[in-house]
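Worksheet: one structure, shown below.
The values are calculated or read from the model by the stated rules, or taken from the named source; none is laboratory data. Nothing here was measured: the structure is a model prediction, and the numbers come from that model. Cβ placement follows ideal geometry from the backbone for every residue including glycine, while neighbour counts extend to all protein chains displayed. The area values use the complete protein model at the heavy-atom level, side chains included, leaving out ligands, DNA and RNA. Shrake-Rupley method; radii C 1.70, N 1.55, O 1.52, S 1.80 Å.
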Amino acid sequence: MKTVRRMLYRDIGSSVFFVALAFLSLSYFIDFVDELQKLDRSGYTLLRAILSASVELPGNLYELMPIAVLIGSIYALSRLAQTSEFTILRTGGLSPSRALRLLTVLALFFSAFTFAIGEYVVPFTERQMVLMRADFAGGRKIGGTGAWLKERRMTELGERHYSVNVRGIDGKGNLEGIRIFEFDADGRHLSRINARYGVVGADRAWTLSDAEVTVWPTGSGKGDKDTVAHSVESSLRWSTTLSAAVVSAAVLPVKTMSTAELWRYSRHLSDQEQATQRYQIQFWKKALYPLACIVLTALALPFAYLHARGGGISLKVFGGIMLGIGFVLLNNVAGHIGMLRDWTPWVVAATPSLFFLMISLAAFAWLVRYR
């Protein structure tokens, strides 16, 4: 059995490797050509285009890994069936359940590799890519209205609510165009801070540059206390509970966040009574996405039980590509529909994998029983 395991793992592993390499080469070429269109802009060099396209490779590998596993497994198993090697293995005692267990172990390795890439490598490279593009473009604007953060905390004067607006970030990750609105428990507007730049410190205190502070009277004082106070500070320290991780999650794309960061940011939004559906769906999708390698490997196993001595391996590989595309489309569409319909996040993320798993097990059981 050790020889059988080694042969299956070698054939499937090499096929998955070459399929992933082909997909990565194609994606790199497309990204590089897209970056070449920016060469006419001042300061954008060929080296920067090569580097920018290279930084996107880990993200492309993470997205393409389940499809590469499916196509590589189908190719390897179909070739074994075509040459009757898999038939010989079955005659030698390789039962369907044992074959499924062998492929499950290999699929677990692919899942662990995909999880490691998506959890540790992709967030770092995506963050660097965003900062690189922001540095070249002179900053990164966040939508039309910027990113909004909310904070609620108890102070010596009672409960305070803060609404923070950030218009963008620069190439070093510093915040730009900051507006901070302070309200009391009754919703009265107490103060406003406008700052050109801001840096989030490790102690959760923000250092604001060129800050304008406006304080409105509460109506409880007399004389000068009832006038609006306005001041300008070249540097202002603003204490807050909004950490650097929370701010990064709000101002950077979702791809820059790991599974743990998505979970922590969802909890922060929930504590501040903000909508969490989008980030909860992204959390479950990112947590369950590596398991797609197991599902798609199981989907490839029935191809080993087809009679392929007459040829047709190219048709089977084409069918595998269509299945992989179908899985990606269903996985993306399910997320959008889940947000529109307000479905349970883990159900939305797990439905595509469960659907294809049922298809693979049904096809496998039918082929083993009737073919």
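Taking Thr297 as meeting all but one of (1) over 22 Å from Leu330 (Cα atoms); (2) at pLDDT 85 or above, write down the number of the exception.
Tallying (1) over 22 Å from Leu330 (Cα atoms); (2) at pLDDT 85 or above, Thr297 fails exactly one: (1).
Scan segment 190-216 for residues that are outside any strand (DSSP E or B) and among the basic types (Lys, Arg) and jot them down. Let's see the steps before the verdict.
Step one: of segment 190-216, the residues outside any strand (DSSP E or B) are 201-204, 216.
Hit for segment 190-216 is Arg204, nothing else.
Has segment 355-364 got at least one residue that is under 24 Å from Ala275 (Cβ atoms), in contact (Cβ under 8 Å) with a residue 60 or more places away in the chain and open to solvent by less than 40 Å² (accessible area, probe 1.4 Å)?
No, that holds for no residue.
So which of Leu103, Leu89 is within 20 Å of Leu288 (Cβ to Cβ) and among the aliphatic types (A, V, I, L, M)? Let's see the steps before the verdict.
Details: Leu89 fails: within 20 Å of Leu288 (Cβ to Cβ).
None of the other options fit; the residue is Leu103.
Is one or more of the residues making up segment 344-355 modelled with pLDDT of 85 or more and part of a loop (DSSP other than H, G, I, E, B)?
Filtering segment 344-355 for residues modelled with pLDDT of 85 or more gives 344-355.
Subset that is part of a loop (DSSP other than H, G, I, E, B): 344.
Looking through segment 344-355, at least one residue is modelled with pLDDT of 85 or more and part of a loop (DSSP other than H, G, I, E, B).
Can you tell me how many residues in segment 46-84 are in contact (Cβ under 8 Å) with a residue 24 or more places away in the chain, farther than 27 Å from Asp34 by Cβ and open to solvent by 40 Å² or more (accessible area, probe 1.4 Å)?
Final tally of qualifying residues: 3.
Filtering segment 323-338 down to residues that are open to solvent by 70 Å² or more (accessible area, probe 1.4 Å) and at pLDDT below 85, which residue is nearest to Ser73 (Cα to Cα)?
Ile325
Please enumerate the residues belonging to segment 190-202 that are under 33 Å from the mean Cα position of the chain (by Cα) and open to solvent by 60 Å² or more (accessible area, probe 1.4 Å).
Arg196, Tyr197, Val199, Ala202
Residues that are over 34 Å from the mean Cα position of the chain (by Cα), more than 30 Å from Ala275 (Cβ to Cβ) and of a type outside the set (Asp, Glu): find the helices (runs of 4 or more DSSP H) completely inside segment 71-189 holding 2 or more of those.
Working: elements: 85-91, 96-116, 122-137.
The qualifying helices (runs of 4 or more DSSP H) are 85-91, 96-116.
If you take the residues of segment 29-45 that are at pLDDT 90 or above and touching a helix residue (DSSP H, G or I) at 6+ places or on another chain (Cβ under 6 Å), which of them is most open to solvent (accessible area, probe 1.4 Å)?
Phe32
Just for segment 95-119: of the residues that are modelled with pLDDT under 90 and of a type in the set (D, E, K, R), which one is surrounded by the fewest Cβ atoms within 10 Å (Cβ to Cβ)?
Of everything passing the filter in segment 95-119, Arg101 is surrounded by the fewest Cβ atoms within 10 Å (Cβ to Cβ).
Is it the case that Val122 is open to solvent by less than 70 Å² (accessible area, probe 1.4 Å) and among the hydrophobic types (A, V, I, L, M, F, W, C)?
On the way: open to solvent by less than 70 Å² (accessible area, probe 1.4 Å): yes; among the hydrophobic types (A, V, I, L, M, F, W, C): yes.
When the stated conditions are applied, Val122 passes them.
Give the residues of segment 1-20 that are surrounded by fewer than 16 Cβ atoms within 10 Å (Cβ to Cβ) and within 21 Å of the chain's Cα centre (by Cα), sorted by residue number.
Residues satisfying the conditions do not exist here.
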